[in-house]
Amino acid sequence: MTPEIADILLIALIAFCAALAQGATGFGFAIIALPFLLLVTGSLDAVGLTIILNLLVSLVLAPGLWRQAPRGPLLRLSLGSALGFPIGLAIFLNASLDLLRLAIGLIILAFAATLALRQNTVSTQGEPAARPWLDTLVGVLSGAMATALAMPGPAVMLYLSARGMAKDALRACTLCLCTLSYGA
């Protein structure tokens with residue numbers, strides 16, 4: 001088997017495993033795929049490839065979830081995301097492969113640690129009051145992460161989870177936002 005065919009098969013396997021995870025949880029494609037695609041491609045092309053592959057997966061999943069996504073937060077997050085795209089693009093265009101790998105590793109560690117800590121704490125309060133400006137600010141971070149790292153979801157997922165959004169609404173909102181981000 002030639003190296004090119006082996007790489008294509010490896011990329012397909014990575015995409016399949018990441019799509020399986022996203023289909024089951026509603027998020028996680030880029031968190032799983034990007035580090036491995038960086039290893040296979042050895043270049044920043046892995047970010048673009050992750051965006052394209054994730055868009056294809058999201059286009060399959062989003063239509064079934066669109067009705068469940070809360071419109072207000074999704075609209076504000078999407079607006080913020082659009083504002084964050086140029087920031088992320090500037091970061092991506094000036095990043096080195098090593099810096100990108102370090103950033104991805106740190107984000108994955110922070111995401112995992114935050115999830116682990118949230119599992120061990122039980123909130124006795126109700127859902128925090130909505131803060132539209134904060135939705136938009138998190139959207140800016142999501143947009144910057146979308147174009148710089150092909151990862152619009154972690155910031156949004158953690159934020160909506162901390163706000164106490166119901167699991168199905170959180171999954172739908174995050175996936176719809178990711179679909180819009182990757183499409184843009």
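The values are calculated or read from the model by the stated rules, or taken from the named source; none is laboratory data. Because the structure is a prediction, the values reported are computed rather than measured. Surface accessibility is based on the protein's heavy atoms, side chains included, excluding ligands, DNA and RNA. Shrake-Rupley method; radii C 1.70, N 1.55, O 1.52, S 1.80 Å.
Things worth noting here:
- Candidates 116, 21, 69, ranked by Gaussian network fluctuation over the chain, Cα under 10 Å, top entry: 116
- Choice from 41, 114, 50 with maximal GNM fluctuation in the chain (Cα, 10 Å cutoff): 114
- Probe 1.4 Å, protein heavy atoms only - accessible area per residue of the chain in square angstrom: 52 Å²
- Cα-only radius of gyration and Dmax that characterise the chain, units Å: 16.3, 58
- Between residue 109 and residue 184, residue separation times 0.36 nm minus the direct Cα-Cα distance comes to 24.3 nm.
- Restricted to Cα atoms, the range 131-184 shows a radius of gyration and a Dmax of 10.4, 29 angstrom.
- Principal-axis tilt of helix 167-183 within the chain, Cα atoms, nearest 10 degrees: 50 degrees
- Solvent exposure ordering (accessible area, 1.4 Å, most first) of 111, 36: 36, 111
- Counting only DSSP H runs of at least 4 residues, each contributing -39500 (n - 2.57), and dividing by the residue count of the chain, the helix-based mean residue ellipticity at 222 nm comes to -27500 deg cm²/dmol.
- Gain upon complete extension [residue 97, residue 68; 0.36 nm per residue less C-alpha separation]: 6.7 nm
- Relative to the longest principal axis of the Cα atoms of the chain, the long axis of helix 97-119 lies at roughly 40 degrees.
- Once the convex hull of all Cα atoms in the range 1-53 is built, its volume per residue stands at 62 Å³.
- Solvent-accessible area assigned to carbon and sulfur over the chain amounts to 72 percent, based on a 1.4 Å probe.
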